[in-house]
1. What number, in percent, do you get for the relative contact order of region 16-152 if the mean sequence gap of Cα pairs under 8 Å and at least 6 apart is divided by its residue count?
2. Using the Cα gyration tensor of region 23-97, with a ≥ b ≥ c the square roots of its eigenvalues, what is the shape: rounded (a/c below 1.5), prolate (a/b larger than b/c) or oblate (neither)?
3. Give me the dipole magnitude in Debye, nearest 20, for region 16-152 about the Cα centre, with unit charges on the beta carbon: positive for Lys and Arg, negative for Asp and Glu.
4. Quote the convex hull volume per residue of region 16-152, based on C-alpha atoms, as a whole number of Å³.
5. Can you list the HN-Hα couplings for region 54-71, worked out from phi with the Karplus curve (6.51, -1.76, 1.60; θ = phi - 60°), rounded to whole Hz and with x for Gly and Pro?
6. Please list, in chain and number order, the residues 5+ apart from HIS42 or on another chain whose amide H is under 5 Å from its amide H, with Hs placed from the backbone.
7. Restricting things to alpha carbons, tell me how big region 94-140 is in terms of Rg and Dmax, in Å.
Amino acid sequence: MKKPPKSSSGIPKIVTVLSVSPLAEDYISLRAVFNRSKWNLHKSETLASALPTIRKCEIGVVICERDLSPGTWIDMLEALKLLRVAPPLIVTSRLADDRLWVEALNLGAYDVLAKPFERDEVVRSVSLAWSHWRDQQEVPAKPMTMNAVRTAS
C-alpha cells in the first residue's frame, strides 16, 4: 500500500480512509461514494487487520461497523486512543439510533452514520473528521509554562 503525497508540513494532502467492517456491502457502498473523489479508501474486515493498515498508510479517518467479529467499534476506539495522533472514528450501523449516537460521542467517536449510506452525509462526515485529524497533525504539543507548573502544584 502506497502512502499518500504529503504537503510541505509533512501532512498527507489526500483524504485517506479505512473502512473496518466484516460486511462486503459496506466497502462497496463507500467505494461508490469515493469513486467520485480523489480520496483513498482502504478496507479491513477485522480489528486485527485494521491496526497495521492504520500505521502503514497514515489513515486520517476510520469508518467502523458497530459490530465487528470479534469485537465492536468500542474496541477499535480503544486501540486508536493508543496512537500518537488517533484518526477520528466514525461508527456505522443499520440501527443508528439516538442511543448509539449518544454512546459513541460520549466515548470519543467522531460521528455516527446510518446505513444504507447517503452520499452527502458520508462526504460531510468524512470531510469534517479528516480536517479535524489534519489540524491535530499541524498543532505541535505546547510546552508547559512556569505559571502552568506553579498552578498545577
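1. 21 percent
2. It comes out oblate by the Cα gyration axes.
3. The dipole magnitude comes to about 540 debye.
4. 125 Å³
5. 4, 6, 6, 9, 6, 5, x, 8, 10, 10, 10, 4, 4, 10, 9, 9, x, x
6. VAL17, LEU18, SER19
7. Expressed in Å, the Cα Rg and Dmax of region 94-140 come to 12.4, 38.
Values quoted throughout were computed directly from the atomic coordinates according to the rules given, and no laboratory measurement underlies them. All figures in this text were calculated on a predicted structure; none of them were measured in a lab. FYI the Cβ positions are ideal-geometry reconstructions off the backbone, even for glycines, and counts take in every protein chain you see.
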